[in-house]
Amino acid sequence: LHGLMRQRCLVVVAMDVELEAILRLPLEWITHRLIGFVLHQADEGLAVVRAGVGPVMGALATQAALHHWPAAEVVISLGVGGALVPELQPGHLCLATRILKHDTRCAGDLMKPGELWLSDPNRASKDPGFNTPFDALEWMRYVLGARPFREGTLLSGDEFVSDSEGKRRLAGLDANALMVDMEAGGGL
């Protein structure tokens, strides 16, 4: 996270182990009790909130934190995800250039990109995905510096996907699919 404080950054994590890793940074942390969540803030540049698991919790924690700290310029979903490609190993860093909600269902069938029946009717494309803004990508590339990382699509939903068939099916939804998580889609 070195370099994050050049912009006011809200980091959303799901698990205690992820939160504890950030709170070990040598910063002066101030704790704010929010309704249902705790926001940890280091001066005016960095704050972190633990959401819990799933897109609903991710969305609720993000909204609660932003309500308390509206000065945040960028929101980062940071944490452990599952690999959808064999080249990714534990500890590898990935930067999501796109987030695709993989578990949008209608009558029990997985809807493919472009088939989301709940999409905004004014959008040209009924796509359950979100492209990361160019400025945010450039900034994260700068923050990551010389560290090796991969870029691609993050598939997000409230299903825990651990079997190889499920991962293969999800990887087939997007040509750039790299990883899967359960929180980032809540921020769409």
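Quick notes on this one:
- Taking the range 126-188 and the strands (runs of 3 or more DSSP E) fully enclosed by it, the elements with 3 or more residues that are in contact with a Lys or Arg (Cβ under 8 Å, 6 or more places away or on another chain) are at 129-131, 149-156.
- Verdict on residue 71 being at pLDDT below 95 and under 24 Å from residue 147 (Cβ atoms): no
- Test: residue 2 is modelled with pLDDT under 95 and touching a helix residue (DSSP H, G or I) at 6+ places or on another chain (Cβ under 8 Å): yes
Table: residues versus (1) within 16 Å of residue 182 (Cβ to Cβ); (2) surrounded by 18 or more Cβ atoms within 10 Å (Cβ to Cβ); (3) among the small types (Gly, Ala, Ser); (4) at pLDDT 95 or above.
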{"position": "20", "(1), (2), (3), (4)": "no, no, no, yes"}
{"position": "23", "(1), (2), (3), (4)": "no, no, no, yes"}
{"position": "27", "(1), (2), (3), (4)": "no, no, no, no"}
{"position": "32", "(1), (2), (3), (4)": "no, no, no, yes"}
{"position": "36", "(1), (2), (3), (4)": "no, no, yes, no"}
{"position": "48", "(1), (2), (3), (4)": "no, yes, no, yes"}
{"position": "54", "(1), (2), (3), (4)": "yes, yes, yes, no"}
{"position": "58", "(1), (2), (3), (4)": "yes, yes, yes, no"}
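- Inter-residue pairs, beta-carbon under 8 Å, first closer than 18 Å to residue 50 by Cα and in the range 65-93, second of a type in the set (Phe, Trp, Tyr) and outside any loop (DSSP other than H, G, I, E, B), 6+ apart: 74/139
- Condition met for residue 129 (at pLDDT below 85, touching a strand residue (DSSP E or B) at 6+ places or on another chain (Cβ under 8 Å) and closer than 25 Å to residue 72 by Cα): yes
- Flag if residue 73 is of a type in the set (D, E, K, R) and assigned by TED's automatic domain parsing to the domain that holds residue 151: no
The values are calculated or read from the model by the stated rules, or taken from the named source; none is laboratory data. Keep in mind it's a predicted model, so treat the numbers as computed, not measured. We place every Cβ from the backbone using ideal geometry, glycine too, and count neighbours over all the protein chains shown.
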